[in-house]
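Colleague: Below is the structure I would like to discuss, written out as structure tokens.
The values are calculated or read from the model by the stated rules, or taken from the named source; none is laboratory data. For clarity, every value in this text was computed on a predicted model and none was experimentally measured. Because the Cβ atoms are built from the backbone with ideal geometry, glycine has one as well, and the counts that use them run over all protein chains shown.
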Amino acid sequence: MKKSIMALMGNIAVISVIFLACSKGSKDAPDQGGNENFDKTAMLTYYADKMIIPGYTAFQQKINALQAATTAFANAPSPATQTEAITALKTAHLQYQYIEAFNNLTPATSATLEYSVNFCGGLTNTDLLLNGFSVDSVTIENNISTGVYNLSEYSNKSFYSQGFPALGYLITGPNAIAKFTTNTANRVIYINDVAKRIKALTDQVVSDWGIYRTTFISNTQSNVGSPIGNLVNQMAYEMDVLKGPRIGWPFGKQSNGQVFSTKVEGYFTDNSIALAVANLKNLKLVYTAGGSRKGFSDYLNTLGKQNLNSLITSQFDITLAKLEAIPDPLSNSLTAEATAVNTAYGEIQKLLTLIKTDMASATGVQISFMDNDGD
Amino acid sequence: MKVKLLKVAALLILGGYLTSCKKDNDNDKPREYVVPTSYNFGNASFEETTQAVNMLIGFQSYLSKATSRELSQDTVNYLWNNTNGAFKEDYVSNLTYSPDQLNTFTGVKLSGLAKNAEAFKKYADSMVKISTYRNDVAEQGKPGKVGSRLVNFSGLEFNQLVAKGLMGALQLNKVFENLDKSASADNNANVSGNSYTAMQHAWDLAFGYVGIPKDYDSSKAYANTETSRPLAIGGYFRERARPIGAGGTVFAAFLKGRAAIDNKDYSARDAAITTIKEYLEKTLAVSAYTYLSLSKTRGDDAARFHDYSEAYGFTIALEYRAANSKLTAANYQKLVDILKMDYWELKKTENATKVDEAISIFKTTYGFDF
């Protein structure tokens, strides 16, 4: 009798499992490999307090220095002030790579930081004239000569005539110093306006994180638009930008091998690879949370995805090594070191797949950054 | 022996669960009948609903031309009332009916079919005015373009309120109205001069207003050149309501309900009505929910303001939800209050919690777990 009851209980257990599975319609549910044990609030708190807020604050400091150096250069253009300004620009641009992974979170998106500071043109490579990390020097010169422009205007033309690319052109583009001899007043105003706008937006992002931090760490869901959803999406997006605008497009991957050397990030400052390496290093830091046991790597482990975790970790290292093997300036290496660029490109693709496909599905995050609404 | 019997019993129960789970609803059936896989019921007739949905598409297509031309107030008036042969090839193409045909159906007009027609006409008129700003760049307080999107002074795309709002005020409302009619209409005698009963006909009209083809396939990605493609709310079954499986569920319920009516199985009909109402409302809700969620992933204002406008349009459509809807009047008002805000303000970090609140209202009301 006891046996029979046990058997019945067993069957009921089976039934209820089937019944549950069926009533819930387990669609895209991630593996529930005991992720209840993983403290997502601690993860988000780590990101906010150890990476995001310090990252933007450090960026703000570099931008302050950049603005000062830009003004000094504009007021007295000389090789000396130019060198100072170039250094400040490189430093700020490098620090930017440590915040880009967080630029799809509300404070940066509401300031449209990415568009106004380091526009990469998006991931659809359609316009042959202006795309990727282009600089629209025609519009810049036109803005200077007419004195009529609106940097908060919402158009690609506007995005391509401000931010780091514009400063690169104005500080160290062809005949940068000599150009200050004509239309001096307007040129000084323009370069200062560009620097001022970067600073204003950065200040806004830093102060907005003061308001947003609580909202950020208190939402531990992973649906579309949630902090975790956005962090994973941005990791995938960063990899797509690395594969496209940063390396692949200038290398000719979308143009049958035709190289676009002027469309690399940081073209005028000759530090494209340094920027890309910094970007990827930061991405790895986001992934590992600096070994704090609070990052996505640990989250994957808790989900029982140790293999995936070690694959991703080692692919980060391989990709970084191959990327570092390309000498700067990238504009030159695209042809002179084509094999090295191609090798790095191949590793970038592998890492992209691991993050965008495997990691996203393991964490139950839907990749939504390509969701362009048609109507 | 007893153990064995119990095991068998348990397995039988298990089997029961499995089939019930596969088949959706198992109702008591008065007699056996076959539910067809397409809406090819011999005496079904609902042309005027297809005409109405075609007009709806033509009207919203015309409004969307505002990004590239100045709209004519006359044309908007004519389209709205279906007078003066206003439907043209330019904005009516690849639909069941040609513009010339639509122009002849003067008995069918959006102004007469939409609930709160005045309000939607005003949104459309506003789009006419906004079209004069198509060459300007929008800023807070100034209409114009944000990227490719044409918005008013507060970042709103009026044409979204028309296109999405009418999915509620016209489609949802007409579907519900006809379903309710079919629940009590006569099903014994044919309507004089016709081969259908009043109940059958009301049901067919309800089906027609959904805007899906008779051989609808919820798994198919219809090309926008297919004349019988799903339209308006029917198109959103796939566009945004896939996570809830709305398209297949609604279509199956319409087939079941019509077969039930033909066989006087009224409990099955009523179950189908409940399912259709639930999933049509959910389609609007999940669309608004998805756009609001997406707005939190956008780096650019064009996409973000479009998301807000879409969500607002779908929220306006939800005003026409059933009286017993899970969405309470208080929560509905909260949604409207958030979405009628100036979008240049709503996008600010300090207002992120407002968007979150709207998302959370949808999530908890409808149990969206994605």
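Colleague: Scan the helices (runs of 4 or more DSSP H) fully inside region B:32-123 and keep the ones with 2 or more residues being of a type in the set (G, A, S). Lay out the reasoning, then the answer.
Modeller: Working: elements: B:47-64, B:73-81, B:99-104, B:110-113.
Result: B:47-64, B:110-113.
Colleague: For B:Y78, which of the numbered conditions (1) farther than 30 Å from B:E345 by Cα; (2) hydroxyl-bearing (S, T, Y); (3) surrounded by fewer than 15 Cβ atoms within 10 Å (Cβ to Cβ) fails to hold?
Modeller: Unmet for B:Y78, out of (1) farther than 30 Å from B:E345 by Cα; (2) hydroxyl-bearing (S, T, Y); (3) surrounded by fewer than 15 Cβ atoms within 10 Å (Cβ to Cβ): (3).
Colleague: So which residues in region B:299-309 are more than 18 Å from the chain's Cα centre (by Cα), under 20 Å from A:P227 (Cβ atoms) and buried (at least 23 other Cβ atoms within 10 Å of the Cβ), if there are any at all?
Modeller: B:R304
Colleague: Look at region A:317-369 and say how many of its residues are in contact (Cβ under 8 Å) with a residue 40 or more places away in the chain and in a loop (DSSP other than H, G, I, E, B).
Modeller: Summing the residues that are in contact (Cβ under 8 Å) with a residue 40 or more places away in the chain and in a loop (DSSP other than H, G, I, E, B) in region A:317-369 gives 11.
Colleague: If we scan region A:253-260, do we find a residue that is touching a Pro at 6+ places or on another chain (Cβ under 9 Å), surrounded by fewer than 22 Cβ atoms within 10 Å (Cβ to Cβ) and more than 30 Å from B:A358 (Cβ to Cβ)? Outline the logic, then answer.
Modeller: First, pick out the residues of region A:253-260 that are touching a Pro at 6+ places or on another chain (Cβ under 9 Å): A:259-260.
In the following step, the residues that additionally are surrounded by fewer than 22 Cβ atoms within 10 Å (Cβ to Cβ) were identified as A:259-260.
In the following step, the residues that additionally are more than 30 Å from B:A358 (Cβ to Cβ) were identified as A:259-260.
Yes.
Colleague: So, of the residues in region A:187-233 that are more than 9 Å from chain B (Cβ to nearest Cβ) and of a type in the set (D, E, K, R), which turns out to be surrounded by the most Cβ atoms within 10 Å (Cβ to Cβ)?
Modeller: Applying the filter and picking the extreme gives A:R187.
Colleague: Please go through region A:87-122 and pick out each residue that is more than 10 Å from chain B (Cβ to nearest Cβ), under 22 Å from A:S226 (Cα atoms) and in a loop (DSSP other than H, G, I, E, B).
Modeller: A:Y98, A:I99
Colleague: Looking at A:N156, A:N142, which one is more than 14 Å from every other protein chain (Cβ to nearest Cβ) and surrounded by fewer than 21 Cβ atoms within 10 Å (Cβ to Cβ)?
Modeller: Details: A:N156 fails: more than 14 Å from every other protein chain (Cβ to nearest Cβ).
Among A:N156, A:N142, only A:N142 is more than 14 Å from every other protein chain (Cβ to nearest Cβ) and surrounded by fewer than 21 Cβ atoms within 10 Å (Cβ to Cβ).
Colleague: Which ones in region A:110-132 are among the hydroxyl-bearing types (S, T, Y) and in contact with a Lys or Arg (Cβ under 6 Å, 6 or more places away or on another chain)?
Modeller: Let us first name the residues in region A:110-132 that are among the hydroxyl-bearing types (S, T, Y), namely A:110, A:112, A:115-116, A:124, A:126.
Selection gives A:S110 alone.
Colleague: Check off (1) on the phi > 0 side of the Ramachandran plot; (2) at pLDDT below 95; (3) not basic (K, R) for B:G211 and give me the number that stays unchecked.
Modeller: Looking at each condition in turn, B:G211 falls short on (2).
Colleague: Additional query: For residues that are loosely packed, with under 15 Cβ neighbours inside 10 Å and either in contact with a helix residue (DSSP H, G or I) (Cβ under 8 Å, 6 or more places away or on another chain) or at pLDDT 95 or above (or both), tally how many sit in region A:351-370. Before you say what the answer is, go through the steps one by one.
Modeller: Of region A:351-370, the ones loosely packed, with under 15 Cβ neighbours inside 10 Å are A:353, A:357, A:370.
Those still in the list that are either in contact with a helix residue (DSSP H, G or I) (Cβ under 8 Å, 6 or more places away or on another chain) or at pLDDT 95 or above (or both) too: A:353, A:357.
Residues meeting the conditions: 2.
Colleague: Has region B:292-309 got any residue that is among the β-branched types (V, I, T), out of contact with any strand residue (DSSP E or B) (no Cβ under 9 Å at 6 or more places or on another chain), away from chain A (no Cβ under 14 Å) and on the phi < 0 side of the Ramachandran plot?
Modeller: From region B:292-309, those among the β-branched types (V, I, T) are B:297; that's our starting set.
Checking which are out of contact with any strand residue (DSSP E or B) (no Cβ under 9 Å at 6 or more places or on another chain) leaves us with B:297.
Those still in the list that are away from chain A (no Cβ under 14 Å) too: none.
Scanning region B:292-309, I find no residue that is among the β-branched types (V, I, T), out of contact with any strand residue (DSSP E or B) (no Cβ under 9 Å at 6 or more places or on another chain), away from chain A (no Cβ under 14 Å) and on the phi < 0 side of the Ramachandran plot, so the answer is no.
Colleague: Determine which member of the set B:A285, B:A358, B:A271 is away from chain A (no Cβ under 14 Å) and over 19 Å from A:D371 (Cα atoms). Please lay out each step first, then the result.
Modeller: Values: B:A285 fails: over 19 Å from A:D371 (Cα atoms); B:A358 fails: away from chain A (no Cβ under 14 Å).
Of B:A285, B:A358, B:A271, the one residue that is away from chain A (no Cβ under 14 Å) and over 19 Å from A:D371 (Cα atoms) is B:A271.
Colleague: If you scan region B:310-340, which residues turn out to be within 14 Å of another protein chain (Cβ to nearest Cβ) and surrounded by fewer than 18 Cβ atoms within 10 Å (Cβ to Cβ)?
Modeller: none
Colleague: Could you list, in sequence order, all residues of region B:214-225 that are surrounded by 12 or more Cβ atoms within 10 Å (Cβ to Cβ) and touching a residue at least 60 places away in the same chain (Cβ under 8 Å)? Walk me through how you get there before you give the answer.
Modeller: Kept after step one, since they are surrounded by 12 or more Cβ atoms within 10 Å (Cβ to Cβ), are these residues of region B:214-225: B:214-218, B:220, B:222.
Of everything in region B:214-225, those that are surrounded by 12 or more Cβ atoms within 10 Å (Cβ to Cβ) and touching a residue at least 60 places away in the same chain (Cβ under 8 Å) turn out to be B:K214, B:D215, B:Y216.
Colleague: What number of residues within region B:313-370 satisfy the criterion of being more than 26 Å from B:T275 (Cα to Cα) and among the hydroxyl-bearing types (S, T, Y)?
Modeller: 3
Colleague: Check A:Y46 against each of (1) within 30 Å of A:D298 (Cβ to Cβ); (2) modelled with pLDDT under 95 and name the one condition it does not meet.
Modeller: Just one mismatch for A:Y46, condition (2).
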